[in-house]
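The values are calculated or read from the model by the stated rules, or taken from the named source; none is laboratory data. Worth saying up front: this structure is predicted, and the values here are computed from it rather than measured. Because the Cβ atoms are built from the backbone with ideal geometry, glycine has one as well, and the counts that use them run over all protein chains shown. Accessible surface is based on the protein model in full, side chains and every heavy atom, while ligands, DNA and RNA are left aside. Shrake-Rupley method; radii C 1.70, N 1.55, O 1.52, S 1.80 Å.
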Amino acid sequence: MKTALITGITGQDGAYLSQFLLEKGYEVFGVVRRSSTAEAHDARLRFLGIAGRVKLLDGNLIDVSSLIRCLREAKPDEVYNLAAQSFVMASWQQPLLTGQVTGLGAANMLEAIRLVAPRTRFYQASSSEMFGLAQEPVQTEKTPFHPRSPYGVSKLFAHWITVNYRESFGLHASSGILFNHESPLRGIEFVTRKVSDGVARIKLGLARELRLGNIDAKRDWGHARDYVRAMWLMLQQEEPDDYVVATGRTTTIRDMCRAAFDYAGLSMDDHLVIDPALFRPAEVDELVGNAAKARVRLGWAPEAGLEEMIREMVDADIKRLSSSQKQA
Ligand code: NDP
Ligand code: GDR
């Protein structure tokens, strides 16, 4: 039986990855940072029905000694570094924290692995936000980076330190350059989930409007369940490497939002309000990835389409809000 250690296990990807690895027979450990509201911590793991099957260890990505302790306790074959301050908009309000967690945090984990468990395989959660002001119309592993936010800049550091530890110390360290991926477990501040939650509230008569910022931006959206499979596949390869993971299709926020309203039988134009306060200091206008390398080398391809995923998210939010209404 293999053992995995996941940082960010309480987040969207951490939950789906845990489920995927448990199904493969792994023993799964997760690093969890202390919080005064610990009871809310495993909500996503509970949603997937796996909360009792993962072992949670106290730790924090900015405390390297805690990472060393977690590595010694779990003795993992594979480490998935998913922890981050992952909300792009918040990275302008907390740029230094974002740098410490999202950027230096990866270096902390790599250094911990180098010191105590150098044979452990390592996955870094890199991001299409590193392309930012995209230098090519379709982005691949070879496209130059131009990040547009403190988040993107921090992810770029984490990406290059992963490459550097691979080249310097021979670590089995791989980096997945993942484009946006969503699900009913997506954080409520991200635009797809904000839309599915907003549409569900309007449908149930709990709200009248949905406020968004720049709806002309375009994203390449996939489903988190498909994307965690790519993470695992990267660590099963003999040689570590970097891979773009994307669907190859890009859609405006406007069209994604309209699909959600249409599905709920509502008119977007009656409810959508554009709020200038939600525009970003620097925008990533358009992203679309080419995942040919992942397809050829990993045998990976996405299964879920955008419309199907949006429907799943709207349904889940209607169900969640209806049952909390009944309880109230
Ligand atoms: P989430 O925001 O849902 O999860 C982030 C996780 O990081 C949470 O478990 C959070 O814990 C944890 N975390 C934050 N700070 C610390 C810290 N100091 N120490 C330990 N843990 C911490 O992100 P996603 O699941 O969506 O994404 C996973 C990773 O992939 C992130 O690194 C993200 O930047 C990256 N990524 C995501 C993409 C996407 O579209 N989802 C695309 C490309 C990259 P807590 O519950 O305590 O807040
Ligand atoms: P992103 O995701 O920044 O791409 O980062 P997000 O869903 O936050 O924004 C996508 C686009 O939607 C526009 N937008 C809004 N966004 C939010 N959150 N709220 C709004 O009200 C709103 N209105 C318009 C944004 O301007 C943007 O253009 C996500 C995160 O998961 C990162 O961690 C990850 O690395 C990247 O995806 C790939």
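Sorting Trp221, Trp232 on solvent-accessible area from highest to lowest, probe radius 1.4 Å, gives Trp232, Trp221. Helices in the chain, meaning DSSP H runs of at least 4 residues, each add -39500 (n - 2.57). Divided by all residues, the mean residue ellipticity at 222 nm is -12000 deg cm²/dmol. Just to be sure I understand: with springs between alpha-carbon atoms less than 10 Å apart, which residue in Arg34, Arg311, Arg148 has the highest mean-square fluctuation in the Gaussian network model of the chain? Largest GNM mean-square fluctuation: Arg34. For the chain, the share of accessible area belonging to carbon and sulfur comes to 49 percent (1.4 Å probe, ligands and nucleic acids excluded).
At a probe radius of 1.4 angstrom, the accessible area of the chain per residue rounds to 44 square angstrom. Only the Cβ atoms of Lys and Arg (+1) and of Asp and Glu (-1) were treated as charged; on that basis the dipole of region 172-312 about its Cα centre amounts to roughly 260 debye. Between the listed residues Leu210, Val195, Tyr80, the Cα displaced farthest toward the positive end of the dipole of the chain, a dipole computed from Cβ unit charges relative to the Cα centre, is found at Tyr80. Annotation: lysines with alpha-carbon distance below 26 angstrom to Lys326 (same-chain offsets under eight excluded): Lys194, Lys203.
By the rule of a C-alpha distance below 17 Å, with chain neighbours fewer than 8 residues away ignored, the aspartates and glutamates paired with Lys55 are Asp13, Glu23, Glu27, Glu39, Asp42, Glu73, Asp77, Glu78.
Comparing Asn164, Asn290, Asn180 in a Gaussian network model of the chain (Cα springs below 10 Å), the most mobile by mean-square fluctuation is Asn164.
Among rounded, prolate and oblate, which fits region 37-113 when a ≥ b ≥ c are the square roots of the eigenvalues of its C-alpha gyration tensor, a/c under 1.5 means rounded, and a/b larger than b/c means prolate? Mind showing how you got there, number by number?
Values: a/c = 2.22, a/b = 1.15, b/c = 1.93.
Because a/c hits 1.5 or more and a/b fails to exceed b/c, region 37-113 counts as oblate.
Between region 1-28 and region 248-266, how far is it from one alpha carbon centroid to the other, in angstrom? Here the answer is 31 Å between Cα centres. Computed with a 1.4 Å probe on the full set of protein chains, the accessible area for Val116 sits at about 50 Å².
Averaging Cα coordinates gives a centre for region 119-159 and one for region 50-80; these two points are 25 Å apart. Under a model in which nothing but the beta-carbon of Lys, Arg (+1) and Asp, Glu (-1) is charged, the chain shows a dipole of about 740 debye around its Cα centre. Positive end of the dipole of the chain (Cβ unit charges, origin at the Cα centre): among Leu110, Ser183, Phe261, the Cα lying farthest that way belongs to Leu110.
When the chain is treated as a Gaussian network with alpha carbon springs shorter than 10 Å, the biggest mean-square fluctuation among Leu97, Leu21, Leu48 belongs to Leu48. In terms of packing, defined here as the mean over residues of other Cβ atoms within 10 angstrom, the peptides 52-62, 74-84 line up highest first as 74-84, 52-62. Looking at the square roots a ≥ b ≥ c of the eigenvalues of the Cα gyration tensor of region 249-315, which shape do they give, rounded for a/c under 1.5, prolate if a/b is larger than b/c, or oblate? Since a/c reaches 1.5 but b/c is at least a/b, the shape of region 249-315 is classed as oblate.
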